[in-house]
1. Taking the Cα centre of the stretch 76-204 as origin, sum charge times position over the Cβ atoms of Lys and Arg (+1) and Asp and Glu (-1), and report the length of that vector in debye to the nearest 20.
2. Once both labels are modelled 7 Å past Cα along the beta-carbon direction, what's the W42-R284 spacing in nm?
3. Please work out the FRET efficiency for the pair W261 and T80, using the Cβ-Cβ distance as r and a Förster radius of 22 Å; give the result to the nearest 0.05.
4. Would you check the chain for Lys pairs whose C-alpha atoms are within less than 29 Å, ignoring same-chain pairs closer than 8 in sequence, and give me the count?
5. Relative to the present Cα-Cα distance, how much length would full extension add between D160 and E35 at 0.36 nm per residue of separation?
6. Quick one: order V111, V96 from most to least accessible surface, probe 1.4 Å.
7. Express the carbon and sulfur contribution to the solvent-accessible surface of the chain as a percent, rounded to the nearest whole number, probe 1.4 angstrom.
8. Using r as the Cβ-Cβ distance of A268 and E201, and R0 as 22 Å, what FRET efficiency do you calculate, to the nearest 0.05?
Amino acid sequence: MRRRDWAGLAVAAALAGAAVHGQTAVAPALRDTHENLHGVLWMQTAAEYQAITRGLYRLAAVQLDRALQDGRWTAIPAQTGRADLARLPPAVILDVDETVLDNSPEEGQRVRDRVAYAPDLFRLWAARTEAATVPGAAEFLKYAAAREVEIFLVTNREPDWRDETIEDLRKDGIPIAEDHVLCYGEHGKPWDPGDTSGRREFVAANHRVLLLAGDDLGDFVAIADGGKRLDRAARAALVDRFSGYWEERWFVLPNPVYGSWEKTFYAAGTADADALAKKLEAVRGFRK
């Protein structure tokens, strides 16, 4: 799941405004915490990362076969018990970023440049259509297509990035229809266009959803209530509530670099020093 960082937009707007009014633009401060260095290196180089993602997708293929044999099987709790469920065409729903497409080079570039997330940099990366697929993802999606299961991708990429996203997917042989890539704001909740639950509901209205895959809790359940993001305790309670779904119908890909979990410590746009202080305050040790 690709986060949206409005602080980056604000910085860009401020710099542009300064240029228009003849002021000297002040570049954003370079980051010295390198918080993502370890996580990005792990995703790019660790054999363990490849083993985890390939293993998850192979397990997903096994579960896909089980689901196709059981007309009552669904990965959408609200579909359970639906009278016409077995007659609906089967489908799977996956997130894009860090679930199907590997954007670690963009993350790595920011580590090397010592800068925070910036929408313009990610847009530049997406436009290059150079993203590889997460190990195991392409094989799983080709297998699903061969079993005549429709593939839907739900992403918080902007709608005008759809063509590049599809090009990235198809170059690795992933069969995807243009209207099966559901982007930011499409079928969204009025209070949060980035909430993906409305897009899952859109697919589930006319399809039996067999599996979900993503790298963020929000790829599976709504992570806000009335526009307010759930705290860590409420998020943990959702994991317990849906304990029968994880790794049977819902597959979580590892992403140590970013995610909605970060926002339980601080709001989007928080200065680096303050964000780091919040994390250090929350981390557990064993000495008093």
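The values are calculated or read from the model by the stated rules, or taken from the named source; none is laboratory data. Being a predicted model, the structure only gives us computed values, none of them experimental. With ideal geometry, Cβ positions are generated from the backbone for all residues, glycine too; neighbour counts draw on all protein chains shown. Quick note on the areas: whole protein, heavy atoms, side chains included, nothing else; ligands and nucleic acids left out. Shrake-Rupley method; radii C 1.70, N 1.55, O 1.52, S 1.80 Å.
1. I would put it at about 280 debye.
2. Those two pseudo-labels are separated by 1.7 nm.
3. With R0 = 22 Å, the Cβ-Cβ based efficiency is 0.20.
4. Going through the chain pair by pair, I get 11.
5. 41.9 nm
6. Numbers: V111 25, V96 0 Å².
Listed by decreasing accessible area, they come as V111, V96.
7. Of all accessible area on the chain, carbon and sulfur atoms account for 55 percent.
8. After rounding to 0.05, the efficiency reads 0.30.
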